[in-house]
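> Structure provided below as structure tokens; questions to follow.
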Amino acid sequence: MTGSPDEYARIAEFYDHVTVYRERPDVAFFIEAAREAGSPVLEIGCGTGRVLLPVARAGFEMVGLDASPGMLAVCRERLRDEPEAVRKRVELIEGDMRAFDLGRVFNLVTVPFRPFQHLLTVEDQLACLGSVSRHLAPGGRLILDLFNPSLDYLAKPVTGEEIPEGAEFSMPDGRRVSRATRILAQDRFSQVNQVELIYYVTHPDGRTERILHSFGMRYLFRFEAEHLLARAGFEIEHLYAAYDRSAYGSIYPGELIFVARKPVRPAPVPSSL
Ligand SMILES: C[S@@+](CC[C@H](N)C(=O)[O-])C[C@H]1O[C@@H](n2cnc3c(N)ncnc32)[C@H](O)[C@@H]1O
């Protein structure tokens, strides 16, 4: 969501019910990262709190930043059902990851499940990493969670065909929802895919709806992301291919999960290349 209307608002109510989101195996990884870093943790693109709430339940003080009022509204509603101790540990802020100023620093900043890939230009990516760096204590860590672009997938022609995804799920009010995904366009020069997630909703009275969630997603290759992090002053400590901390290269395509550290002292600028 970069300067566009709140595209996530259309689907925010479904988000936590979508099978592929509900079953995403990343939550324990982010709880463990919080355990290693300690409070406070800033989660960027926290959405409905899919990751943020379990980390707060595990005892960590969380600040969640997201640009979508629709997603944050769902998160606030979920937070109301939490015990008071958890509610007190969470602060939610509407803001843009490219330019925010929270007036405090964190031991850990996380960006779970690819929000960074909604930034479509290098300028936006660097603006975000700069904002993150200003909010990290010296020695603090950033976890940047991206997908590793599959060359096989990228080589396929774009057909615009809808591909059904995940099992049908039910909403608490009885609506049934199935989902499909499609790539509308692929710009191989700017590395941006125009993605459409299509929600087919069947109401209890038989009425049907087709709801579109459209957005651009920029893919980053491993070394590109490493250079970007280095340009923003980070040191890369780990690169994982999966949330069980499997090393990059152990599975393909896997994920690109960077653990990057803000140096205690900034690195000297090289005098020549
Ligand atoms: C795929 S969702 C991930 C939500 C959550 N991190 C999770 O793991 O379920 C991407 C989130 O990034 C947020 N987002 C997109 N662009 C943003 C921006 N420029 N600044 C802050 N949040 C943004 C969206 O509103 C959305 O909630």
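The values are calculated or read from the model by the stated rules, or taken from the named source; none is laboratory data. Just so it is clear, the structure is predicted and the values come from calculations on it, not from any experiment. Counting neighbours? That spans all protein chains shown, and the Cβs are built from the backbone with ideal geometry, glycine included.
Per-residue answers, yes or no, for (1) within 10 Å of the ligand (Cβ to nearest atom); (2) outside any helix (DSSP H, G or I); (3) of a type in the set (S, T, N, Q); (4) on the phi > 0 side of the Ramachandran plot:
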site: Tyr21; (1), (2), (3), (4): yes, no, no, no
site: Pro25; (1), (2), (3), (4): no, yes, no, no
site: Ile31; (1), (2), (3), (4): no, no, no, no
site: Glu36; (1), (2), (3), (4): no, no, no, no
site: Glu43; (1), (2), (3), (4): yes, yes, no, no
site: Gly47; (1), (2), (3), (4): yes, yes, no, yes
site: Pro54; (1), (2), (3), (4): no, no, no, no
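> What pairs come up if the first residue lies in segment 248-261 and is more than 29 Å from Leu136 (Cα to Cα), the second is modelled with pLDDT of 95 or more and surrounded by 17 or more Cβ atoms within 10 Å (Cβ to Cβ), and their beta carbons are under 6 Å apart, counting only those six or more places apart or on different chains?
Taking only residues 6 or more apart or on different chains, the pairs are Ser250/Ala241; Ile251/Ala241; Pro253/Asn148.
> Filter segment 84-142 down to the residues that are more than 9 Å from the ligand (Cβ to nearest atom) and part of a loop (DSSP other than H, G, I, E, B), then identify the one that is surrounded by the fewest Cβ atoms within 10 Å (Cβ to Cβ).
Gly103
> In addition: Ala225 - would you say it is at pLDDT 95 or above, closer than 20 Å to Leu151 by Cβ and either touching a Ser or Thr at 6+ places or on another chain (Cβ under 9 Å) or assigned to a loop (DSSP other than H, G, I, E, B) (or both)?
Taking the combined requirement at face value, the residue does not satisfy it.
> Additional query: Among the numbered criteria (1) in contact with a helix residue (DSSP H, G or I) (Cβ under 8 Å, 6 or more places away or on another chain); (2) in contact (Cβ under 8 Å) with a residue 40 or more places away in the chain, which one does Gln186 miss?
If we test Gln186 against (1) in contact with a helix residue (DSSP H, G or I) (Cβ under 8 Å, 6 or more places away or on another chain); (2) in contact (Cβ under 8 Å) with a residue 40 or more places away in the chain, just (2) comes out false.
> Applying the selection to segment 202-250, what residues are closer than 23 Å to Val192 by Cβ and β-branched (Val, Ile, Thr)?
Passing the criteria: only Ile211.
> Restricting the first residue to segment 68-93 and requiring it to be more than 21 Å from Tyr21 (Cβ to Cβ), which pairs with a second residue that is of a type in the set (Phe, Trp, Tyr) meet a Cβ separation below 7 Å and a spacing of at least six or different chains?
Within 7 Å, the pairs are Arg89/Phe60.
> Same structure, new question: Looking at segment 186-210 only, could you name the residues that are over 24 Å from the mean Cα position of the chain (by Cα) and surrounded by fewer than 12 Cβ atoms within 10 Å (Cβ to Cβ)?
Pro204, Asp205, Gly206, Arg207, Thr208, Glu209, Arg210
> Taking the criterion of being among the acidic types (Asp, Glu) and either within 14 Å of the ligand (Cβ to nearest atom) or assigned to a helix (DSSP H, G or I) (or both), would at least one residue in segment 62-78 satisfy it? Don't jump to the end; show me each part of the working.
Looking only at segment 62-78, we keep the residues that are among the acidic types (Asp, Glu), and these are 66, 77.
Retained after the next criterion (residues that are either within 14 Å of the ligand (Cβ to nearest atom) or assigned to a helix (DSSP H, G or I) (or both)): 66, 77.
Checked segment 62-78: at least one residue is among the acidic types (Asp, Glu) and either within 14 Å of the ligand (Cβ to nearest atom) or assigned to a helix (DSSP H, G or I) (or both).
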